[in-house]
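Reading through the structure tokens given below for one structure.
The values are calculated or read from the model by the stated rules, or taken from the named source; none is laboratory data. Everything quoted here is computed from the prediction, not taken from an experiment. Because the Cβ atoms are built from the backbone with ideal geometry, glycine has one as well, and the counts that use them run over all protein chains shown. For the accessible areas, the whole protein counts, side chains as well, though only heavy atoms, and no ligand, DNA or RNA atoms are used. Shrake-Rupley method; radii C 1.70, N 1.55, O 1.52, S 1.80 Å.
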Amino acid sequence: MTCAHLCPSKCHDAIPTKIESNQPRVGPWEGRPTTRVEVLALPCPPCEVPVNVTCLGQHETICVRCCDAAHVSSCHRQCGRLLACGNHRCRRVCHTVEGAPDAKIAGDNCERCEEPCSRPRPDGCSHPCLQPCHMGDCSPCVQMVRMRCHCQLVVLYVECERWTHADDRERERLQSCQSKCPKQLPCGHQCKAICHPGLCPNPKRCVEKVKVRCLCRRKKGEFLCNELQSGLAKVECDDVCRSTKEKLDKEMAEREKTRLEEEARRQREELEDFERKVKGIKKKKQRRPRVEEDRPTFLQKYQIYIALPVFVGFVAAFVYWLISK
């Protein structure tokens, strides 16, 4: 047998075999098919010897007949060999693997990994890895992180790799715009430090120059702001200041005296004017009753018109009496 197993059947190298002609007849006039007997060597029957056979992907081994061993098939499982990315496995159905270095690594005809990188990102990095699925560590993140400087005036862009791997001191330096701090100190002067986080350093050590005057404001001197805050910046008045102050005080007193006298005079004038107005109103009120008393009555005003008709009537009556006599 071709499989190297012994054929269990009887010798069949010279077996008389009846052979019929299978040529179809053209018509009824042709004779029936002829039959002849020949001595032939018949093939061996299928080998029934059990043998172990492994599937195409080398996943499992089963026992089958020798005649079926020539038809090695797939076990229909996933290939499962580790792909070149080192993270995923081949998902093809059990197949013949070509060019694989061992039974666990994927071959040339296995599936190619097309998944994105799924490795965890470093602490503080929110950007995805730009490489496809790969072995080993991810390459440094080249994305830029947008942030404002400590003084909130300038927008900065820092590489994510530098920011995530920097310590607190380095982050403080990266977030500084390297410009002069715009904040004002409690004394009113601008901070001299470079852009920094938190409160301004040493607010009581301001080195700005300020002018300080004496009490009368005639003399002046320049001092450091921190000296003024600590109470060391003082300008004392001299004799000239005192004499000037006395002169000014005297002038102020005279001006005040003049002002008070002028104010008293004005008040007196207003009072006198008010009294005159009040007296005039009283005189007008006293004159009105006299006008009403001197006014004539009705009889006084029309006595002539009343007495004349009476007198005429009386004369007429007297004349009539004389005539009638």
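Remarks
- Three-way shape call for the range 1-106 based on the alpha-carbon gyration tensor, with the a/c threshold at 1.5: prolate
- Most mobile of Cys206, Cys133, Cys237 in a GNM of the chain (Cα contacts under 10 Å): Cys237
- Evaluating 6.51 cos²θ - 1.76 cosθ + 1.60 at θ = phi - 60° for every residue in the range 218-227, the Karplus couplings come out as 8, 8, 9, x, 9, 9, 6, 4, 5, 5 Hz, glycine and proline recorded as x.
- Among Leu153, Leu42, Leu82, the largest mean-square fluctuation in a Gaussian network model of the chain, built with springs joining Cα atoms closer than 10 Å, belongs to Leu42.
- Using θ = phi - 60° in the Karplus curve 6.51 cos²θ - 1.76 cosθ + 1.60, the 3J(HN,Hα) couplings for the range 135-152 round to 8, x, 6, 6, 6, x, 6, 9, 5, 9, 9, 8, 7, 9, 6, 4, 8, 6 Hz; x is entered for Gly and Pro.
- Restricting attention to the chain, close to 95% of DSSP beta bridges with both partner residues there are antiparallel.
- Among Gly107, Cys133, Ala307 - extreme Cα towards positive end, dipole of the chain, charges at beta-carbon: Ala307
- Accessible-area composition of the chain, carbon plus sulfur, in percent [1.4 Å probe]: 55 percent
- Taking a ≥ b ≥ c as the square roots of the eigenvalues of the Cα gyration tensor, an a/c ratio of 1.5 or more together with a/b no larger than b/c marks the chain as oblate.
- Dimensions in Å of the range 103-177 - Rg and Dmax from alpha carbons: 17.9, 62
- Cα-based helix-to-principal-axis angle, 239-294 vs the chain, degrees rounded to 10: 60 degrees
- With K and R counted +1 and D and E -1, the other residues having a Cβ less than 14 Å from that of Arg91 yield a net charge of +2.
- Residues whose placed amide H lies under 5 Å from that of Arg89, excluding near-sequence neighbours: Leu83
- Couplings 3J(HN,Hα) for the range 8-23, derived from phi with the Karplus relation 6.51 cos²θ - 1.76 cosθ + 1.60 (θ = phi - 60°), are x, 7, 5, 4, 9, 7, 9, 10, x, 10, 7, 10, 9, 6, 9, 6 Hz, where x marks Gly and Pro.
- Taken about its Cα centre, the range 1-119 carries a charge dipole of roughly 220 debye when the Cβ of each Lys and Arg holds +1 and the Cβ of each Asp and Glu holds -1.
- Simple point charges give the picture: +1 on the Cβ of Lys and Arg, -1 on the Cβ of Asp and Glu, and for the chain a dipole about the Cα centre of about 3800 debye.
- Residues considered: Val26, Val310, Val49. Largest GNM mean-square fluctuation over the chain, using C-alpha springs under 10 Å, is found at Val310.
- C-alpha long axis of helix 298-324 to longest principal axis of the chain, angle in °: 50 degrees
- Accessible area expressed per residue, the chain, with surrounding protein chains retained (probe 1.4 Å, Å²): 81 Å²
- For Leu40, distant residues with modelled amide H under 5 Å away: Ile15, Thr17
- Unit charges at the beta carbon, dipole of the range 118-216: most positive-side option, Leu199, Ser118, Leu174: Leu199
- Residues with amide H under 5 Å from that of Val145, placed H, sequence gap 5 or more: Val158, Glu159, Cys160
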